[in-house]
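So the structure is just underneath, and the comments pick up after that.
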Amino acid sequence: MSSEKVVLILIFCLSMMSTGHCKNRKHFVLVHGACHGAWSWYKVKPMLESAGHKVTALDLAASGINMHNIDDVDSFAHYTQPLLQLMATIPPNEKVILVGHSLGGLSLALASDKFPQNVAANAYVTAFLPDTEHSPSYVLEKYGEITPASAWMDTKFEPSGNKTSMFFGPMLLANKLYTRSPVEDLELAKSLVRPSSLFVEDLSRQKKFSREGYGSVPRSYIVCTEDIAITAEYQEWMIKNAAINDVQKIKGADHMVMNSKPRQLVDALLKIATKYA
């Protein structure tokens, strides 16, 4: 197909969206990782939109431009509240594709456990992937067991109410997260990251994610082969632990794959959308 025909089809599809005639239009909801915000999707969001899809990138509590302070966020459900509020507005006959990066994977699990009827698929992007057999904190606790304190480098951990807050420092950002991303994205992150938390204390007290809710939603995992923060080996362990069969790999991608390999990530998400939505 010529590029001119592709452009014409895209224009037609966009022109029909308002009347609901473009059946291939999907709704992607992008959920960021710890200390980050909706801003981390700034490359991926317009790429998906230019392909004719609806995209919502939101800030979780105390993230991005959300006005809360992490000291005032007392639970993981509170942290995920912006996503839960969005899901509550989705009409009964509509489904979204939830995309979670890093810690955002646990927010996907919580949202799809509460609103399984509105989720076409969960896409885990080098993300923490819980199961339905253990507590929600299980994959975080296992990660902590294999991660030496020195690996956190200049990350600041401090008591914060009933949890421990966490703030990524510039050394960790440069040497663990943005190792293959453009230097401009690293500098952006240094300016925009905010204190967050893994909420391990709270998640360890919560009941397991249900098979009827979270477990009923199709799950797909996108492995980033050069991730130093959540290594490919640990990603593979979580995939096996949760019995996920739908797996894609992005070679050469660091932890911040939306910066280092944005086009490849978009292609992977479109494959997931085509399969499930």
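What value, in deg cm²/dmol to 500, does the helix sum -39500 (n - 2.57) over DSSP H runs of n ≥ 4 give at 222 nm once divided by the residues of the chain? Walk me through the intermediate numbers first.
Working: 11 runs with 96 residues, N = 277.
That calculation yields -9500 deg cm²/dmol at 222 nm.
Mark the label point 7 Å from the Cα of Lys54 along Cα→Cβ and return the residues of region 67-110 whose backbone N is within less than 17 Å of it.
Residues 83-99 fall inside that zone.
Using a Gaussian network model of the chain with C-alpha springs under 10 Å, which one of Lys176, Lys114, Lys156 is most mobile by mean-square fluctuation?
Lys156
For region 168-277, compute the orientation-averaged projected area of the C-alpha convex hull (one quarter of its surface), in nm². List each step's numbers first, then the result.
Details: hull surface 33.3 nm².
Convex hull of Cα atoms, orientation-averaged projection: 8.3 nm².
Between Thr274 and Glu141, 0.36 nm times their residue separation minus their Cα-Cα distance comes to what?
Values: separation 133, 0.36 × 133 = 47.88 nm, distance 3.40 nm.
Result: 44.5 nm gained on full extension.
Mind checking Rg over Rh on the chain, alpha carbons, Kirkwood formula for Rh?
Rounded to two decimals, Rg over Rh is 0.96.
Gain in length, Ile90 to Glu201, computed as 0.36 nm per residue apart minus the alpha-carbon separation, to one decimal in nm?
Contour length minus the Cα-Cα distance gives 36.9 nm.
Separation between the Asp154 and Glu133 pseudo-spin-labels, each 7 Å from Cα along Cα→Cβ, expressed in nm?
Going from the Asp154 label point to the Glu133 one covers 4.1 nm.
We did not get these values from a lab; they are worked out from the coordinates using the rules stated. Bear in mind that the values here come from a model prediction, so they are computed numbers and not experimental data. Neighbour counts are summed over all protein chains in view; Cβ atoms, including those assigned to glycine, are modelled from backbone coordinates with ideal geometry.
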